[in-house]
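Read-outs throughout are calculated quantities, based only on the coordinates presented, and are distinct from any laboratory measurement. Bear in mind the structure is a predicted one, so any value in this text is a computation, not a measurement. Methodologically, a virtual Cβ is constructed for each residue, glycine included, from the backbone with ideal geometry; neighbour enumeration extends over all protein chains shown.
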Amino acid sequence: MKSRSNKRTPSIINLTVKRRYLTQREIERLMDCARKHNRYGHRDSTMILVAYRHGLRASEVCDLQWHQVELDHGRMHVRRAKNGSPSVDAG
C-alpha cells in the first residue's frame, strides 16, 4: 500500500503572469544578484537601475554613450529603438 502524506499540495490559481513588468522588489533582487555574482557587478546593477527608472530597452541601454549623459544637469539623451521618438529623460 502507498502511504499518504499529510502535506497539502499548493493550490495554483493562475499559471500565467498577467503583468508585463517587474516590481521594485524584483528589480532590487536582480540588482543584488548582478552585484554579487559578476565581475562587473556595480556597472551591471547600475545599468539595471537606469533601465528600470527610465523605461529603457536593453538595446537602448547598451547604445548609451557618455556624450548623451549630462551629469551636471541631470539629463540623459536617449535614442529610442523600434521607431520611438528620441527623448531627454530627467533624473
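Structural remarks
- The packing ranking of peptides 44-50, 67-73, highest mean first, is 44-50, 67-73, where packing means the average number of other beta carbon atoms within 10 angstrom of each residue.
- Local electrostatic count at residue 28 - Lys and Arg +1, Asp and Glu -1, tallied over other residues with Cβ under 13 Å: +3
- Nitroxide proxy distance, nm - points 7 Å out along Cα→Cβ at residue 73 and residue 42: 2.8 nm
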